[in-house]
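Heads up, the thing below is written out as structure tokens.
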Amino acid sequence: MMLDRLEGNAELKSSVRLMLDSRRLTHSVLLVGEEGLGAGFAARCVAADYLYPQGGAPAEALVRGECCRAVAKAGKRDSGQIETGVVREAISVTGMGSGGKYLVGQVTAMRSEIFNTSLSAEGRAVLLYHVERMNEESANALLKVMEEPPEGVLFLLTADSLAGVLPTIRSRCISFAMAPVSPADCARYCTKQGVDAKAAALYSELFDGHIGTVLAAARDDARREQVEQALTLAKAAAAKDSYAAAVLLTGYEKDKAGAAALLADFRAVAAAGLRGSPRSPVQGDAARKALGAADAAMQRLSAQVNPKIVLSVLAAKFRSF
């Protein structure tokens, strides 16, 4: 099974295996987990096992995400269409609006496609990523097809948190929680995927077994540099060095997105220190304070506060760590 490639998550794998073997898989599955835990990867694996039980090239392509895609233009309800991909039996939908919000045109295009085109012998899978980003209008459009789907259609939804999913969507799915693996298992897995062993060990500790996050950090030069900046910021926190923090953060005063991304990694480093990981430069009570300061700064950035003010306040707090 393609799902066997997912590390850990034994309960999810055994439950889905039983349902697939008996061909009694519910028509709507919701996979819930923080970014980096592999909910999207798991959804593609389940879709591949459902459509292609014998595996092969189509299953491999689906796991890589090479399927059809529902697209639309913001503000144009009738602009939705399906872009053809390698795997025609699967359609992916990812929000294209501001902040990754779903566009109604995407959902209606998907709905028209599965109702108006004939199914292959394998059936059809619809992958909907981050459904917590659906508003009521796009959710209602989805409900119309989830309530009475065509025979052979499997919906696979992902979300960062169950609470963020509208109750009307949540109630029509069987839900599974994605679980992180241990840092040691995460490091072993990522090393097998070609990540340098030292980097895999470091990132697995910092990101607490979130395999997707570790792989993303290890494979991207800019992201690696960002993690190094977060570690440097954590060292300044441990030393109560407000000046060093201010100097580092000055480079992000005009880059709100970059500041938010750096703070997210700084938060992860502080959280690792709070868990007692020796790979984090900040530990104990200082780690707790750093974590709280990072959360407050991220909230202020999301509230549209001027990044320069937010970062200046954060640096000043380092004196009290």
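The values are calculated or read from the model by the stated rules, or taken from the named source; none is laboratory data. All of these numbers come straight from a predicted model, not from anything done at the bench. Reconstructed Cβ throughout: ideal geometry from the backbone, glycine too, with neighbour counts over all protein chains shown. Accessible surface areas use protein heavy atoms only, side chains included; no ligands, DNA or RNA. Shrake-Rupley method; radii C 1.70, N 1.55, O 1.52, S 1.80 Å.
Helix 221-238 axis versus longest C-alpha principal axis of the chain: approximately 40°, rounded to the nearest ten.
For the chain, the longest principal axis of the Cα atoms and the long axis of helix 39-51 meet at an angle of about 20 degrees. What a 1.4 Å probe finds exposed on segment 199-321 is 54% carbon and sulfur by accessible area, rounded to a whole percent.
Which whole-angstrom value gives the distance between the alpha carbon centres of segment 1-57 and segment 84-111? If you average the Cα positions of each part, the centres end up 20 Å apart.
Using just its DSSP H runs of length 4 or more, each adding -39500 (n - 2.57), the chain gives a mean residue ellipticity at 222 nm of -16000 deg cm²/dmol after division by all residues.
Loop-resident trypsin sites (Lys or Arg not before Pro) (DSSP state other than H, G, I, E or B) in segment 63-118 with no more than 14 further Cβ atoms inside 10 Å of their Cβ: Arg64, Lys101. To put it simply, the accessible area of segment 31-85 at a 1.4 Å probe is 46 percent carbon and sulfur.
Only Lys, Arg, Asp and Glu carry charge here, each on its Cβ (+1 for the first two, -1 for the last two); on that basis segment 1-142 has a dipole of about 320 debye about its Cα centre. Entry comment: accessible area of the chain is 47 Å² per residue, from protein heavy atoms only and a probe of 1.4 Å.
Note on the chain: lysine pairs with Cα distance below 21 Å, sequence gap of 8 or more or different chains, count 19.
Computed from Cα positions, the angle between helix 197-206 and the longest principal axis of the chain comes to roughly 90 degrees. A DSSP coil position with no more than 15 other Cβ atoms inside 10 Å describes the following GluC sites (Glu not before Pro) in segment 113-202: Glu147, Glu151. Across the chain, the convex hull enclosing all Cα atoms gives 139 Å³ per residue.
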